[in-house]
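Structure first, commentary second.
Please treat every number below as a calculation from the coordinates, not as lab data. Not measured: the values here are computed from a predicted model. Positions of Cβ are backbone-derived with ideal geometry, glycine not excepted, and every protein chain shown enters the neighbour counts.
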Amino acid sequence: MAIRRGAWRLAGVILVFGLAAAGAESFPEKQTVTALAPAGPYRVYVSDIAINHMVDGRLHVVDVDTARYAGVIPTAFAGQSVLSPDRREIYVSTTYYSRLSRGTRTEVIDIWDSSTLAHKGEIAIPDRRAQALNYKGLITVSADGRWLFVQNATPASTVSVVDLRQRRLASEIATPGCWLALPVHSAPQRFATLCGDGTIETFTIDEAGALKSQARSGPIFDADGDPLFVHAEAIGDRLFFVSYLGQVHEVDLSQDKPRLLARWPLVQGADAKKAWRPGGYQLFAVHAASGRLFVAMHPGGAEGSHKNPAAEIWAFDIAARKRVARMPGHNAIALVAVQSTAPRLVALDAAKMGLVLIDAGAKPRVISRMDGVADSATQLELH
């Protein structure tokens, strides 16, 4: 009986408090907006397709040096994002359905202000853009900021050319059998694309954005025996690719016709016997000032292991074409190099969906890390 009486007393207390709360005056919730702190060299934009709920993808904005979450931009269904060369605007190619996950399909380039994360407008594009995981190269901007290139797939491959000055679609260019749209630094009206026959082709547009000319290289890689990852990094007009088996391909884009400059191995000797291979999505980064190439690597490589997260990150001297350091991999599937005097990397940890800031100099060390940033991110971009 004592327990029963105690229970009734507790219920009475709860009832009294409940009635008091019901009679209390309620106040409307106040919404506040905090100004975004100015961007520094360590602001990272994390493209998150949110694969378990793809209708509401996100672009997370993080200041990785202070482990501070700065904001988020909605990217809708499988949105792809890229910053303008002057870093003032963010462009997102995305899809909206009239019934959220079904219905009439509408595709646009959403334009966002990077200093406030406010929406500035949109540009209609054909309903053919590639709905894919986030990869660098599926939406890109010319070096002068005039043209936006958007990869399409129906599954036929085309590239939509958007005039950012006039805020309109300029043209759509057929790129059969090829993938990615990689801007050429010295020729803003030209982009390159990676082709399934082992070549690279360039497309040049005129002042109106229409196709003017195109030129295809000779054989550059073995598409069947050792394909290239669909990721590229550049120093000027020199493009870097990495193959599944660990061959670096350097390609010159300074002329209309792409030209292979060099091919050299990442893995040799005892490491080759342990089947070390590159893996990930945005799996390597280039630091221009130091001439370093950083690659996510894993041992026991085999057919299908090309997306494995990094067990180690290897650093290479590009000029000497040799490895100069190896460091913990932090389960990295994406890397980006902070282009400061000293080489620093931001790695995306696939296991913890975290960002790791790494001093990648003579004595590699972790400077900071921030876990749980995203759901299913694969791409990073620095401010």
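Brief remarks on what is shown
- Along each principal axis, taking the top coordinate minus the bottom one, the Cα set of region 72-112 gives 37, 17, 12 Å in descending order.
- Cβ-to-Cβ counts within 10 Å put 217, 340 in ascending order as 340, 217, the fewest first.
- Among 277, 292, 321: highest mean-square fluctuation, GNM of the chain, C-alpha pairs under 10 Å: 321
- Between 98, 81, 368, the residue with the greatest mean-square fluctuation in the GNM of the chain (Cα pairs under 10 Å linked by springs) is 98.
- Number of Lys-Lys pairs in region 202-329 with C-alpha atoms under 27 Å apart and a separation of 8 or more places or on different chains: 6.
- Scattering profile of the chain at q = 0.12, 0.14 Å⁻¹ [log10 I(q)/I(0), Debye over alpha-carbon scatterers]: -0.91, -1.24
- Calculated FRET efficiency for the pair residue 341/residue 144, C-beta based, R₀ 45 Å, to 0.05: 0.95
- Taking amide H positions as modeled 1.01 Å from N, with prolines and chain starts lacking one, the residues under 5 Å from residue 277 and 5 or more places away or on another chain are 298, 301.
- Treating r as the C-beta distance of residue 133 and residue 37 and R0 as 25 Å, the FRET efficiency rounds to 0.25.
- In a reduced charge model with +1 at each Lys and Arg Cβ and -1 at each Asp and Glu Cβ, region 16-155 shows a dipole moment near 340 debye about its Cα centre.
- Hydrodynamic estimate: the Kirkwood radius of region 104-158 over Cα pairs, inserted into Stokes-Einstein at 20 °C and 1.002 mPa s, corresponds to D of 169 µm²/s.
- Relative to its residue count, region 26-66 spans a Cα convex hull of 145 Å³ per residue.
- Residue-span extension gain [residue 206 to residue 305] - 0.36 nm each, minus C-alpha spacing: 31.5 nm
- Here the simple spin-label model places points 7 Å from the Cα toward Cβ, and for residue 264 and residue 166 these points are separated by 4.5 nm.
- Whole-Hz ³J(HN,Hα) from phi, Karplus 6.51 cos²θ - 1.76 cosθ + 1.60, for region 245-253, glycine and proline x: 8, x, 10, 7, 10, 9, 10, 8, 10
- Estimated Rh, region 141-271: Kirkwood, alpha-carbon pairs, angstrom: 15.2 Å
- Largest first and in whole Å, the equivalent-ellipsoid semi-axes of region 187-251 read 24, 13, 8, each the square root of five times a Cα gyration tensor eigenvalue.
- Overall, the anisotropy analysis places region 283-383 in the oblate class: the square-rooted eigenvalues a ≥ b ≥ c of its C-alpha gyration tensor yield a/c not less than 1.5, with a/b not exceeding b/c.
- Equivalent ellipsoid semi-axes - Cα gyration tensor, region 231-301, angstrom: 24, 13, 10
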